[in-house]
Amino acid sequence: MFKVNTKGGEVVLRSFAGTPDAEDPYAGLTRDKAGNFYGTTLYGGTQGGFGTVFKLHAGKETILHSFAGTPDGEDPRSVLVRDAVGNLYGTTQYGGSTGGYGTVFKLDSHGKLTLLYSFAGTPDGDDPYAGLLRDKAGNLYGTTQYGGTNGGYGTVFKLSSKGKLTLLHSFAGTPDGVNPLAGLLLDGAGNLYGTTYYGGTNGGFGTVFKLNTKGKLTLLHSFAGMPDGQNPYSRLIRDAAGNLYGTTFYGGTAGYGAVFKLDTAGKLTVLHSFNDAPDGAHPIGGLVLDKAGNLYGTASDGGDLSCGFSGCGTVFKLTP
């Protein structure tokens, strides 16, 4: 876990030690007003290495929960959502009480975990890979990579504060998409926006979609690989004017991934195509937008190719 200061210097905040500590922090962090960070690790912990939820304060780590596989879940790889009273909400990719298809959980400020939902594959979904979105009423929204009612291509779901799951959309491959790996974005009118890693109408390279409050899905963009991008992996962000921004893992003009903007008229603009060296390759993580319109993100490979076969990755800033 690291911090990059304004001069580009890196500070290591925490190095994980594996079991029984924690191992492989795959997702981003959630920060509270006091400056504490909360996150998940894919592996590690004290219950067989099925992953953890942790808190980091002033460089000191506290394990809040170690997953046991059944019934609480296994392999949490997504970012956490925090409510006003300090409860944390998240997903596990596997495990649970209904066949190992993944879970949605709540962890209170005292470290008590409540299993909110355990997926069953069909019809509700399988493998909730991404994190959750929470609205003002306490409803949770998310995606599953597989499962559903249309061949197992994934779903969009809503989970009420009382634990009732509603299937909002079940993907069919063409034209809407396959395998939504990323979390969702919610606008002020209640519309949901997201991406699928595969599928669509241009060779199966992934899509950007909108789901309205009545459950109607609109295909906003179907990627073609080159030059627009291929396989969008991370959550979208939105500016004040309603433009959407995101990344693709592959594609662009050189095939190493791209940063894109999708305006309200549905026009997609490639803001940057990665070239492996020196800028990076294969952006997995999402973007951050500041008040000046600068975008910040990471590329999982590329950069300084002398540090390894495919490079060790980069942190980048993209100006307006």
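The values are calculated or read from the model by the stated rules, or taken from the named source; none is laboratory data. None of the values given here were measured: they were computed from a predicted structure. Cβ: placed from backbone, ideal geometry, glycine included. Neighbour counts: every protein chain shown. Just so you know, the surface numbers come from the protein's heavy atoms only, side chains and all, with ligands and any DNA or RNA stripped out. Shrake-Rupley method; radii C 1.70, N 1.55, O 1.52, S 1.80 Å.
Side notes on the structure shown:
- Around Thr52: net Lys/Arg minus Asp/Glu count, Cβ-Cβ under 9 Å: -2
- Here the ratio of the Cα radius of gyration of segment 137-191 to 2.2 N^0.38 Å is 1.15.
- Diffusion constant of segment 147-236 at 4 °C, which comes from Stokes-Einstein with the Kirkwood Cα-pair radius and 1.567 mPa s, µm²/s: 99 µm²/s
- Note on Thr166/Lys136: beta-carbon distance plugged into 1/(1 + (r/R0)^6) with R0 of 22 Å gives a FRET efficiency of 0.80.
- Radius 10 Å from Cβ of Leu42, net charge of other residues (Lys, Arg +1; Asp, Glu -1): -3
- Per residue, the accessible area of the chain comes to 45 Å², computed with a 1.4 Å probe over protein heavy atoms only.
- FRET efficiency for Ala254 and Asp304, using Cβ-Cβ distance with R0 set to 22 Å, rounded to 0.05: 0.80
- Calculated P(r) over Cα pairs in 20 Å bins from 0, in percent (choose from (i) 33, 61, 7; (ii) 26, 50, 23, 1; (iii) 22, 44, 29, 5, 0), label: (i)
- Sulfur and carbon atoms: percent of accessible area, the chain [1.4 Å]: 52 percent
- Sequentially through segment 59-75, phi angles give Karplus couplings (6.51, -1.76, 1.60; θ = phi - 60°) of x, 9, 9, 10, 7, 7, 7, 10, 6, 10, x, 10, x, 6, x, 8, 6 Hz, Gly and Pro residues having no value and appearing as x.
- Ranked by the mean number of other Cβ atoms within 10 Å of their residues, highest first, the peptides 205-212, 160-167, 282-289 fall in the order 205-212, 282-289, 160-167.
- Rounded Å value of the spacing that divides the Cα centres of segment 20-70 and segment 276-320: 25 Å
- Charge dipole (Cα centre; +1 on Lys/Arg Cβ, -1 on Asp/Glu Cβ; no other charges) of the chain amounts to roughly 1080 debye.
- Comparing Cα centroids, segment 145-176 and segment 177-238 end up 14 angstrom apart.
- Residue with peak Gaussian network fluctuation, the chain [Cα springs, cutoff 10 Å], from Gly142, Gly111, Gly96: Gly111
- Charge sum, other residues only, whose C-beta stays under 14 Å from Ala299's C-beta, Lys/Arg counted +1 and Asp/Glu -1: -3
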